[in-house]
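The structure appears right after this line, and notes come after that.
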Amino acid sequence: MNRSNIDTWSRWQSAWIPWLFAWTLWWVLVVVTSLALWQLHSAALQSQGREMRLLSLALTDELDRGLRGAEEGLQALGLELGQRRLPSSGGDTVQALQTRVALMPLVTTLWLLGNGRGLIAGSETTLPPDLQSFLPPLASMAVGATALSKPFTRDGDSTPQVALAFRVGAAGAHPGGWIIAAMPANNLLGAFGVALPASDARMAIFRGDGVRLAEVNVGGLSADEASMVDQHRVGTRRFSDGSDNLVAAHRVSRYGLDVVLSRELGAVLEGWRGALKLAVGALALLLVTMLVAVYIVTRSERQRLAAQHALQVQLARSSRLEALGALAGGVSHDFNNVLAGIVGYGEMAQDAAVPGSDQDRHLGRVLRAAERGKALIDRILSFSRGGARASTVFELEPIVEEVLTLLTASLRPGVVLERVLGTPGARLRGDATQIFEAVMNLCTNAMQAMPDGGMLSVQLERQQVSTPRVLSHSPLAPGHYLALSVADEGVGITPDVMEHLFEPFFSARSQQGGTGLGLAVVFGVVTEFGGAIDVDSQPGHGARFTLYLPECTDALPDSAAVLTAVPEGAGQRLLVVDDEPALLALTQELLTGLGYEAVCFADVRDALHAATASPGRFAAVVTDELMPGLSGTELATALRAQAQHMPVVLVSGYGGALLARRASDAGVSRVLMKPLQRGELARTLAELLH
């Protein structure tokens, strides 16, 4: 392990070991406390569960004994009917039934029904409950069997009643039938109906079909929820009223009844919740104390590491920018050599074309495209130098029209281009080339999203924003904007892609060759113009990108200041040096057309020998900068010793402060950027030679 790695490891240890120790200790305490709280939670539930199970068992036993007592009374009454000791009709029967009611604690009313279920007599004049409400049904009862009815009320009495039916067989002159006894429903709960174990406790008795016969404090409890608890067991359930409850249930098998007792978990665990709050508060206080202590200990170390890291990042960024600058210089030099031929021959061809002809118009488009390429190279060079980009006032609609005109010729089959441009004269301030790139990238992205064709819509309109808005990817301040939207009918954008849409090098079409730079450039352009961007898309329903660009009210640059006349020479002899034969031939033809005599050299040493051999032979020197053997600035330095006043025009594809300083030190008269334009070259020579 080298020294650098050892230092890095030591810094990491000193910065992070205290934090790791503190976090480890705190999490150990959290785990131990959680286990203790869980044990307390389980113990509270188990203790209350045992208590409730015993209570529900006692209630079940009391209910069974009460119903058995009533059933034995009905059996004795049936025996008396069979032995004719009890009249089966008439006033004596009513009197006898009233006497029996007085002897049965739970019963309030007795009725005798015949074998056809017709009323024979009753201890009161009220009618018995609905005979269809019994379970099991009366008709299916065997002799000696019992059945319970649904709760019912009688006229003049709102107290819920429950009826117990007993099947009597035929004996002697008695044809058989049923004896029905009515009793208050809540009397089934016995003493538990008035003495609850807790104020939040709920008790209920259910019939086998889920009908509730008696209840105390029952809210959301239903028979279906009660049935979820296994018989003779305790469990937790959530009732229909949304409350979580601890439930205990037992069954009275003889009568098919379920006795259910429940308590809300919040009340059961009230003591445990207090312990939980205390533990959480203690852990939180401990955590804050530990974090403050560790922060104080490690703050100075973190500051030192942060400063060191910032310095390393700055050095790395500087190295990358330096490498990019060198790369930009080489690329721009080669690319400007290509553009030089396009611009030079294009200008000469346009001069030879008939003004207003198709050829003249087409060549104009070629030259504008070349100028756009020159502007792109200038932007690369500006980036590599860290300089500011050009900022001028320009009209937006012609830029958009130029993009759409270029796209029309390359539309894939099935793509239909719709344009709605309604802002003639609308202006922006900034770099027009950037807007051209942004619109081109958006349109290209939209076409790639429609592999099977569709509508590509480009719209431009003015919008006034009176209140701040929050768009999909940036806020929008109030103001006057030019809203440029590009919409497609493609596959749309998924939410996860939307999150990373404008990140550099992120591409949803990387397998199709996407670089992830197009939309990042768009976002950068919009930000540099002080605007905002909004994206509206759903998967499978296309996408719409809307750029909000602040409208500029300044006037356009005065075009009258542009020189239309191109000054010509008077036959002066010029020394031309360039290692590219094609550019050498182009420059010679340009200068000849401007009225100069061009003597061309592809070898810089031959050119130096010719100039020093006869210093007065040449009126000026036009030389490239990057050449094998000697550079243009080195040639100018050598010429100064022999011809101090000879003008030297240096041509380069890569400018910048470094080149300007070298050219000034070498005595260069002017520096021109590639590709050379005839008008710029003619005016420069005219200024230097006259």
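The values are calculated or read from the model by the stated rules, or taken from the named source; none is laboratory data. Note that the structure is a prediction, hence the values are computed from the model and not measured. Backbone-built Cβ (ideal geometry, glycine too); neighbour counts: all protein chains shown. Areas reflect the complete protein model, heavy atoms only, side chains present, ligands, DNA and RNA absent. Shrake-Rupley method; radii C 1.70, N 1.55, O 1.52, S 1.80 Å.
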Identify, from the list Leu685, Leu681, Leu659, Leu626, the residue that is in contact with a His (Cβ under 8 Å, 6 or more places away or on another chain), aliphatic (A, V, I, L, M) and surrounded by 14 or more Cβ atoms within 10 Å (Cβ to Cβ).
Leu626
Just for strands (runs of 3 or more DSSP E) wholly inside the range 71-164: which have at least 1 residues that are out of contact with any Asp or Glu (no Cβ under 8 Å at 6 or more places or on another chain) and surrounded by 20 or more Cβ atoms within 10 Å (Cβ to Cβ)?
109-113, 119-122, 146-148
With respect to Thr553, determine if the residue is modelled with pLDDT under 80 and not aliphatic (A, V, I, L, M).
no
Would it be correct to say that Pro413 is modelled with pLDDT of 90 or more and exposed (fewer than 14 other Cβ atoms within 10 Å of the Cβ)?
no
Tell me, please, whether a residue that is part of a loop (DSSP other than H, G, I, E, B), surrounded by 16 or more Cβ atoms within 10 Å (Cβ to Cβ) and either modelled with pLDDT under 85 or among the basic types (Lys, Arg) (or both) can be found in the range 430-443.
yes
In the range 444-491, what residues are open to solvent by 40 Å² or more (accessible area, probe 1.4 Å) and either touching a Ser or Thr at 6+ places or on another chain (Cβ under 8 Å) or polar (S, T, N, Q) (or both)?
Thr444, Gln448, Gln459, Glu461, Arg462, Gln463, Gln464, Ser466, Thr467, Ser472, Pro478
One residue is enough: does the range 560-569 have a residue meeting the conditions open to solvent by 30 Å² or more (accessible area, probe 1.4 Å), more than 26 Å from Val470 (Cβ to Cβ), at pLDDT below 80 and polar (S, T, N, Q)?
yes
Is it the case that Glu418 is assigned to a helix (DSSP H, G or I) and open to solvent by 40 Å² or more (accessible area, probe 1.4 Å)?
no
Could you check, for the range 38-47, whether at least one of its residues is hydrophobic (A, V, I, L, M, F, W, C) and either out of contact with any helix residue (DSSP H, G or I) (no Cβ under 9 Å at 6 or more places or on another chain) or open to solvent by 80 Å² or more (accessible area, probe 1.4 Å) (or both)?
yes
Check whether at least one residue in the range 197-204 is open to solvent by less than 60 Å² (accessible area, probe 1.4 Å), under 18 Å from Pro87 (Cα atoms), in contact (Cβ under 8 Å) with a residue 60 or more places away in the chain and part of a loop (DSSP other than H, G, I, E, B), and report yes or no.
no
Just name the residue that is least open to solvent (accessible area, probe 1.4 Å) out of those in the range 51-65 that are of a type in the set (D, E, K, R) and touching a residue at least 60 places away in the same chain (Cβ under 8 Å).
Asp64
Exactly one condition in (1) over 51 Å from the mean Cα position of the chain (by Cα); (2) in a loop (DSSP other than H, G, I, E, B); (3) at pLDDT below 80 is false for Leu676; which is it?
(1)
Reported set for the range 511-541 where residues are open to solvent by 40 Å² or more (accessible area, probe 1.4 Å), modelled with pLDDT under 85 and more than 18 Å from Met450 (Cβ to Cβ) is Thr515, Leu517, Val521, Phe523, Thr527, Glu528
Pull out all pairs, ordered by first then second residue, where Cβ-Cβ is under 7 Å, the residues are six or more apart or on different chains, the first lies in the range 626-643 and is on the phi < 0 side of the Ramachandran plot, and the second is open to solvent by 60 Å² or more (accessible area, probe 1.4 Å) and assigned to a helix (DSSP H, G or I).
Leu630/Arg605; Thr633/Arg662
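Results for (1) closer than 28 Å to Glu551 by Cβ; (2) modelled with pLDDT of 75 or more; (3) over 36 Å from the mean Cα position of the chain (by Cα); (4) not in a helix (DSSP H, G or I), shown as yes or no for each residue.
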site	(1), (2), (3), (4)
Arg368	yes, yes, yes, no
Leu376	yes, no, no, no
Arg379	yes, no, no, no
Phe383	yes, no, no, no
Ala388	yes, no, no, yes
Glu401	yes, yes, no, no
Leu404	yes, yes, no, no
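If you scan the range 220-260, which residues turn out to be assigned to a loop (DSSP other than H, G, I, E, B), modelled with pLDDT under 80 and polar (S, T, N, Q)?
Correct list: Ser222, Gln231, Ser240, Ser243.
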Given the options Arg544, Arg573, Arg617, Arg605, name the one that is open to solvent by 20 Å² or more (accessible area, probe 1.4 Å), touching a Gly at 6+ places or on another chain (Cβ under 8 Å), charged (D, E, K, R) and touching a residue at least 24 places away in the same chain (Cβ under 8 Å).
Arg605
Enumeration of residues in the range 266-284 that are more than 30 Å from Val247 (Cβ to Cβ) and either among the small types (Gly, Ala, Ser) or over 34 Å from the mean Cα position of the chain (by Cα) (or both):
Gly281, Ala282, Ala284
